[in-house]
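Read through the structure below, which is laid out as structure tokens, and then see the notes.
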Amino acid sequence: IAGMSLSRFERGAVVAELTETAADVARRMRDFHVGCVVIVREARVVGIITDRDLVVRVMAEGRDPFQTSVADVVTYDPSTLDQTDGIETALRLMRERCVRRLPIVDRQGKVTGIVTADDLIVLLSQELADLGTGIRENVDANESR
């Protein structure tokens, strides 16, 4: 994984504004099949809301999701990754900060994508499977000589 780029994750994050409601964010999660929405102001990351945040901070508190503002339930100043960071940095930050999602930003702080723990698990699983195939094929070739 050394030197692996985050560019494959720059497919664009699902975003919302602070002025939207919890219901708006929940619908966006449903419509885009994602577990979090990056909260932006002028395309710059200011926060993040996860599906768990909606459950704990809105539903469990008995708040009306149609009246609850994103500003009232967002996690402000989330950890982010620079476009130039590698997968090693993403793994380290997730481990150190106990987070599963990291928005990717450009030099101006504008969101360009997001990387999730699930993304990395799928990627690393594929890398390990490819390694296993290479080892198996090499062992088979050596044994037939």
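Here are the numbers for the structure shown:
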{"read-out": "Share, in percent, of DSSP beta bridges within the range 5-57 that are antiparallel, nearest 5", "value": "65 percent"}
{"read-out": "Residue among Ile121, Ile49, Ile135 with the largest mean-square fluctuation in a Gaussian network model of the chain, springs linking Cα atoms under 10 Å", "value": "Ile135"}
{"read-out": "The chain - percent relative contact order, Cα under 8 Å, separation 6 or more", "value": "26 percent"}
{"read-out": "Beta bridges per DSSP with both ends in the range 1-136, % antiparallel, nearest 5", "value": "75 percent"}
{"read-out": "Listed residues Ser125, Ser69, Pro103: farthest to the positive end of the dipole of the chain (Cβ charges)", "value": "Ser69"}
{"read-out": "Gained length - Glu96 relative to Met59, 0.36 nm times residue gap less alpha-carbon distance", "value": "10.4 nm"}
{"read-out": "Cα-based helix-to-principal-axis angle, 117-143 vs the chain, degrees rounded to 10", "value": "10 degrees"}
{"read-out": "Local electrostatic count at Ser69 - Lys and Arg +1, Asp and Glu -1, tallied over other residues with Cβ under 14 Å", "value": "-4"}
{"read-out": "Radius 13 Å from Cβ of Thr19, net charge of other residues (Lys, Arg +1; Asp, Glu -1)", "value": "-4"}
{"read-out": "Angle between the chain longest axis and helix 87-97 axis [Cα atoms, degrees, rounded to 10]", "value": "50 degrees"}
{"read-out": "Paramagnetic reach from Ser5 (point 7 Å along Cα→Cβ, amide N under 14 Å) across the range 59-90", "value": "83-87"}
{"read-out": "GluC sites (Glu not before Pro) lying in DSSP loop within the range 1-104, provided at most 15 other Cβ fall within 10 Å", "value": "Glu42, Glu61"}
{"read-out": "The range 17-81 versus the range 106-128: alpha-carbon centroid distance in Å", "value": "20 Å"}
{"read-out": "Whole-number Å³ per residue for the convex hull built on Cα positions in the chain", "value": "125 Å³"}
{"read-out": "Accessible area of the chain belonging to carbon and sulfur atoms, whole % at 1.4 Å probe", "value": "50 percent"}
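The values are calculated or read from the model by the stated rules, or taken from the named source; none is laboratory data. What you are looking at is a predicted structure, and each value in this text was computed from that prediction instead of being measured. Neighbour counts run over all protein chains shown; Cβ positions are idealised from the backbone, glycine included. Surface accessibility is based on the protein's heavy atoms, side chains included, excluding ligands, DNA and RNA. Shrake-Rupley method; radii C 1.70, N 1.55, O 1.52, S 1.80 Å.
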